[in-house]
Amino acid sequence: MPRFLHTADWQIGRQYDRFGPEDGPALAQARLTTVERIAALATELAVDAVLVAGDVFDAQTISDRTVRRLFMALQGFGGPWVMLPGNHDAALAESIWSRARRLNAIPDNVHVLLTAEPLLLAEQGLAILPAPLTQRQTFSDLTDWFDHAPTPLHLLRIGLAHGSVQGILAEDIDSPNPIDPQRAAHARLDYLALGDWHGCRQIDDRTWYSGTPEQDRFKSNGAGQVLDVQIDAPGAAPQVKPVAMGEFTWLQWQRRLQVASDLDALIEELEQIERSSVISLTLEGELDLAGEQRLQAALGRAEARHRVLECQLDGMRLLPTEADIAALQVDGYLDEVVGQLRDMQQADEPEVAREALAILAGLLRERQAGGAAV
Amino acid sequence: MKLEQLRISQFRQFREPLVIDGFGPGLNLICGPNESGKSTLVRAIRAAFFERHSSGTLTDLRPWGDSGAAPEVELRFSHADRQWQLSKRFLQRKRCDLTIDGQRFNGDEAEEQLAAMLGFNVASRGASKAEHWGIPGLLWIEQGMGQELDEAVSHAGDHLKSVLGASLGEVTSSGGDEVIRQARVQLDELLTGTGKPRGDYKLSGERIAVLDEELQALDQRIGAYRQQVDRLGELRQQQAGDEADKPWEALRVQQQEAERKYAEVQRQTEEQQRDLQALEQVRGHRQIVLEQLRSHEEQAKDLQQRQGKCQQLQQQLEQLAGQQAELVAAQDAALAAYQQAQQQERQARQWARRETLERERQRLLKQQQQLQLSLEQARLLQNELVTQQQALAAVRINDQQLAQLEQLHNQLRELDIRQQSIATRLRYELLPGQQLSLDQQQLSGSDELLLLQETQLDIAGIGKLIITPGGQDLATLARKTEHARDQLQVLLEQLRVSSLDEAREQLQLAKAQNAAIHANRKLLASHAPAGIEALEQDAAGVVARLAELEQELGALEMPVGEAAVATAAVDTGLAEQILQQAAAQLQQREAATGKHNEQLIGLRQNLASAEEECRLLQTRLDDPQHMQQQRKLNDNLLTLRAEEARLEQQSNERAARIASARPDILQQDIQRYRSSAAQLEQGFNQRREELLALQGRLQGEGADGLEEHRASLAAELESEHRRYHQLDRRARALALLHNLLSEKRQQLTRRLQAPLQKHLDHYLQLLFPQATLEVDENLMPGRLLRHGQDASEFATLSFGAREQMGLISRLAYADLLREAGRPTLIILDDALVHSDQPRLGQMKRILFDAAQRHQVLLFSCHPDKWRDMGVPVRELEGLKTAAIEG
């Protein structure tokens, strides 16, 4: 009763420096710790093997240190790891794999399938048919050969490939490496483990994209899981169970704030995210100064709680109310300036006017605070 | 605001309580000499309002040396229809009590009320300073400070502005300037004065440029790296293919095949070479045989020819022998003719000689006669010439001598004439018969004599008369005459003539003789040019020659008979000609005979040798060995022709085969296959090395983590872009905000200034008609524009003018404040001390006018100066006395 984990698209070495010197490395590190968790899970579930369907590494020229760290992260599972080169880490003449081999970093229980030859794991009851990418992009179906590849009858026929299933996935997929949607049937596969699509997705009974175990982009498509696959015997239907693995959830929200309750709802929503996440928030609409202050406070709290909080407020307009103005004790010509800035948000460069208004409000508040302190 | 009562005690010089009341609503003049306490009163009012009652540092308020004193000030005043009473005690039992219409305030609260009412700030600790004083600082002018306005205005600024704003019925900004300043500060952090990025903003822009550049460089490296990886893959594939196929080996096989073919062609070519050589030899042999056969034929033909020649020669010989007799006869005839001609020619020559001799003899005879004649003539002439020359020799005179003679003669004649002209004339006419003796010479008749010398005239009978011619000259002349006569005589004798005429005649004669001699000589020369003797010799010669001729003629034999006649007829030239013709004829005949003989001899020799040759040839041809040789040669010829044909055919066929095999192309094939194989193999080896090198390079580069680094850079760049964008937006927002604020503030200020300007103008017109005083945004007086004068800044005005402008400005501020319902108490401590009389006069009008609206306390030590202000002057000393009395 073979059981294995299907995962893919680890993209080790991916950089998140745009999130700053603190969050960037943390997100990169998260990918490695997720691998460690996969190892732990494999051990815990006592699976027979872990199949990684390509893009283990994000690029060919990843530093030696990162390469070593990846293979060290596998230590938690002593069974066979089966790795396939994907488009990011294709088995080129000189590749990250040849380097890893030179570095002597690949443990013995890791099988890197650089050539299109079956790997027989008799002990585990698995015959793995790999379709490694030996170029960054191919336009032929590398899984063709599966159809005619004989394997011992008592072993499960497991296909391992990296690319896009033709006619199923959207056009904006990562690579043009095509895969026949009927491949599992044609090649009499018990299971076809696919990589490249970062979300978790079932193609048919026997064909799955596991998605990346650690989410790496704002796309809510089931990323952050591995597949726990169990197949009773050759020909039996696989039982596939997604297991959440990711450390950070990536959330991308777009909200429109129109009335005061919209803000309340947003703040409520932010407060309710439990796990530390990577959040991209795009807001548009209108706020008065008091609302803006509340929003900033809520964002400040969220920023502290979550790994990353990116806010896009260019679509927001600050519309101070009478109450705002009274609260800021705006008098004289300052009042006129406030009014003018409010009106300018309707014209060109509204974000400049908004920011000017926010600065003014900030200065006024400071003044007030200073005045109050005396 | 109207001050009603002031009470102080234990306050500096006022140790005792002093109460001043009865302040009027307008101007109040309080005068006193120096040190009388005017400034102390002002200080007391200030202390009452400004100083915190709780302050412990105000020891200067105590009377000097009284450390236990508690300075105290009490003020009563009305403002806004309310009664205010303020009581403040310092240093001891400190307290502050304020009652406003019965409502009481104590301590700090009371002080806050006061500050708000008057518009100043309470010092947080210690003594109150100028910056706290606000509006009172402006309206209460301390001694000697009337000209200083800047500080006071700036400290009162906010109060003034808010008051002014209120007076316009608008809400001004209470903290606008601070906001503007803050905005400016924040803007300055991002932009320079000229609007260029600075600080973080600038660094961010620069960082983006740096990152962009790095990223590009890295992209290039990654691109190159990827290309090299691809190249590595290609090379590996090629190498593996080559290793499996070893394509150069196939080429080598092809090369060997080509080489084999080429060797075959080579072999055939050699055979061909041999065959061609053999063919050449056969052809040579055949040629030789042919030549030998031809020589045999030629020998037979030669014999025939030679035999024919022999016959011909024989015929010729016979012909020549026939001609010989004829030739001999002809020669003999010619010899006879020659001998006859020779005889005739000799005779003709003798006859011609005789003729010549005879002609010469005739000529010589004639010459002899002529010579004889000439000789006779010449001898005659010779004799005549001798005679003539003798006659000529007798004559001695010549032309020169004749000329000398004639000269002497003429001289004599002249002297004679002169003698006669000066001589004494003696004329005598004697009677017939009478005589006279003159120097013994008898004279008779009549005549005339010239007496040239003393002459004695003897008259018979009478005696004698001696006449002496007068004068010296006569004697001289006589002497000269004598001398000349002597000379003449000598010459005549010399010439052997008696007179001049004879001399002439002789000379003429000599000349004639000379001419005759000359003619005769010429004649003689024609007869005997070489002299008579030569002529004689010639004649003798002719005679001798004649004798010779006679002898020769006699010797010549004369022909006789007909021969003589014939001979005489034949000319010698003709004879010679005939002889020559005969000789030539003879010679010709002899030559013909000789030639004929030679021909004969030659022919005979030729014939002999020809006959010999014919014999030899015949012998050879008849030799049996020769016959056999000829047969053999003919056989050889046949054999050789057959061999030649065989070889030609064989080599032609082989040549076609060789040509079709194209050995040149075969050689090229070999070359081509060989170098292709070598290149492939070399390429293989080179590729192996390139592979190793490329692999090494890529291994090095791969470890650098290029793409990781690139991702990191790209992320940083993106983040920096965001940051730059934020900074940029912030900068623009700040600029916008600052501009808006400044603009608004400026607009407002201009509106605020309007009422102040109005009040300023009101006072200024009293001092300088038609002048204006500008006010800047801080409400400070700026430029003063006076009619007909240059504008001048407040700060540059004279001390007195500044004091005057300062007071005017303060009064204008007071008017503003009053319009806004704010308290306006004006205190002047010794004001306008620097103004001249006319200005002071005007300022008094201004002050008086202001006092219609404001309470003014004026302290002065010059009471007489202010007597015309329409109010009583209160003497401080008097007030003190009253207090003591009270």
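Every read-out reported here was derived from the displayed coordinates using simple, explicitly stated rules and does not represent laboratory data. As the structure is a prediction and not an experimental result, all values here were calculated from the model. In this analysis, Cβ positions are derived from the backbone assuming ideal geometry, glycine residues included, and neighbour counts consider all displayed protein chains.
Counting only Cβ charges, +1 for Lys and Arg and -1 for Asp and Glu, the dipole size of the protein assembly as shown around its Cα centre is about 2080 debye.
For the pair residue B:747 and residue B:129, a Förster radius of 35 Å applied to the C-beta separation gives a FRET efficiency near 0.55, rounded to the nearest 0.05.
As a rough footprinting exposure proxy, the listed residues B:145, A:1 were ranked by other beta carbons within 10 Å of their own, and the order from fewest upward is A:1, B:145. Along the axis of the charge dipole computed for region B:9-101 (Cβ charges of +1 for Lys and Arg, -1 for Asp and Glu, origin at the Cα centre), the listed residues B:20, B:57, B:40 are led at the positive end by B:57. Only beta bridges with both residues in region A:181-278 are counted; by DSSP, about 65 percent of them are antiparallel.
For residue A:208, the residues whose amide H sits under 5 Å from its own are A:192, A:194, A:203, ignoring neighbours fewer than 5 places away on the same chain, with H placed 1.01 Å from N. Annotation for residue B:440 and residue B:604: the two label points, set 7 Å from Cα along the Cα-Cβ direction, are 15.1 nm apart.
Listed cross-link partners B:196/B:758; B:129/B:202; B:301/B:632; B:88/B:758; B:94/B:844; A:219/B:202 are compared with a 32 Å cut-off, the Cα-Cα value being larger for B:196/B:758; B:129/B:202; B:88/B:758; B:94/B:844; A:219/B:202. For the pair region B:339-374 / region B:781-799, the C-alpha centres are spaced 176 Å from each other.
Computed from the C-beta positions of residue B:556 and residue B:581, the FRET efficiency with R₀ = 25 Å rounds to 0.35.
Coupling constants for region B:391-407 follow from the phi torsions by the Karplus curve (6.51 cos²θ - 1.76 cosθ + 1.60, θ = phi - 60°), and in residue order they are 4, 5, 5, 5, 7, 9, 6, 9, 4, 5, 5, 4, 4, 4, 4, 5, 5 Hz; glycine and proline get x. Taking GluC sites (Glu not before Pro) as exposed when their DSSP state is a loop state and no more than 11 other Cβ atoms lie within 10 Å, the longest site-free interval of chain A runs over A:1-170. Once the Cα-Cα distance is subtracted from the 0.36 nm per residue extended length, the residue A:297 to residue A:264 segment shows a gain of 10.6 nm.
The stretch between residue B:383 and residue B:343 holds 8.2 nm of extra length on full extension. This uses 0.36 nm per residue minus the Cα-Cα distance.
Site-free segments of chain B were taken between GluC sites (Glu not before Pro) in DSSP loops having at most 12 other Cβ atoms within 10 Å, sites themselves excluded; the longest one is B:36-453.
Charged neighbours of residue A:366, selected by a Cβ distance under 14 Å, balance to +2 (K, R count +1; D, E count -1).
Name the residues of region B:588-605 whose amide N is less than 19 Å from a point 7 angstrom out from the Cα of residue B:325 along the C-beta direction? From region B:588-605, the list is B:593-594, B:596-597, B:600. This model, with +1 at the C-beta of Lys and Arg and -1 at the C-beta of Asp and Glu, gives region A:249-373 a dipole about its Cα centre of some 520 debye. Summary of the geometry: region B:480-510 and region B:213-249, compared by the centres of their Cα atoms, lie 168 Å apart.
Where both bridge residues fall in chain A, DSSP classifies roughly 25% of the beta bridges as antiparallel.
Taken one residue at a time, the phi angles of region A:296-313 give Karplus couplings (6.51, -1.76, 1.60, θ = phi - 60°) of 4, 5, 5, 5, x, 5, 5, 4, 6, 7, 9, 4, 9, 10, 10, 10, 10, 10 Hz. Gly and Pro are set to x. Counted over the protein assembly as shown, the DSSP beta bridges are approximately 55% antiparallel.
Sequence-ordered 3J(HN,Hα) estimates for region A:202-219 from the Karplus curve with 6.51, -1.76 and 1.60 and θ = phi - 60° stand at 9, 9, 8, 4, 10, 10, 9, 9, 7, x, 7, x, 10, 4, 9, 7, 7, 8 Hz, glycine and proline given as x. Extending 7 Å from the Cα toward the beta-carbon at both residue B:295 and residue B:249 defines two label points whose distance is 7.2 nm. From least to most packed, judged by other beta carbons within 10 angstrom and beginning with the fewest, B:38, B:261 follow the order B:261, B:38. Each part gets one Cα centre, and for region B:454-470 versus region A:10-47 those centres are 214 Å apart.
Of A:106, A:62, A:273, the sequence from fewest to most neighbouring Cβ atoms within 10 angstrom is A:273, A:106, A:62. Of the trypsin sites (Lys or Arg not before Pro) found in region B:44-99, those that fall in a DSSP loop while having at most 11 other beta-carbon atoms within 10 Å are B:93.
Per-residue shielding of A:339-350, expressed as the average number of other chain Cβ atoms within 10 Å of the residue Cβ, stands at 1.
Compared with the dominant principal axis of the Cα atoms in chain B, helix B:706-767 is inclined by about 70°. Backbone amide hydrogens, once placed in the peptide plane, bring residue A:165 within less than 5 Å of A:179, excluding anything fewer than 5 places away on its chain.
For chain A, a simple Cβ point-charge model (Lys and Arg +1, Asp and Glu -1, everything else neutral) yields a dipole of about 1460 debye relative to the Cα centre. Ranking A:210, A:272, A:346 by how far each Cα lies toward the positive end of the dipole of chain A (charges on Cβ) leaves A:210 at the top. Looking at the square roots a ≥ b ≥ c of the eigenvalues of the Cα gyration tensor of region A:3-244, which shape do they give, rounded for a/c under 1.5, prolate if a/b is larger than b/c, or oblate? Note, shape of region A:3-244 comes out rounded.
Think of chain B as having a plus end and a minus end, set by charges on the Cβ of Lys, Arg, Asp and Glu; of B:675, B:530, B:113, B:113 sits farthest toward the positive end of this dipole.
With the cut-off at under 15 Å, measuring from each backbone N in region B:349-369 to a point 7 Å along the Cα-to-Cβ line of residue B:545 picks out B:356-369. Each label point was placed 7 Å from the Cα along the Cα-to-Cβ direction; for residue A:343 and residue B:867 their separation is 6.6 nm.
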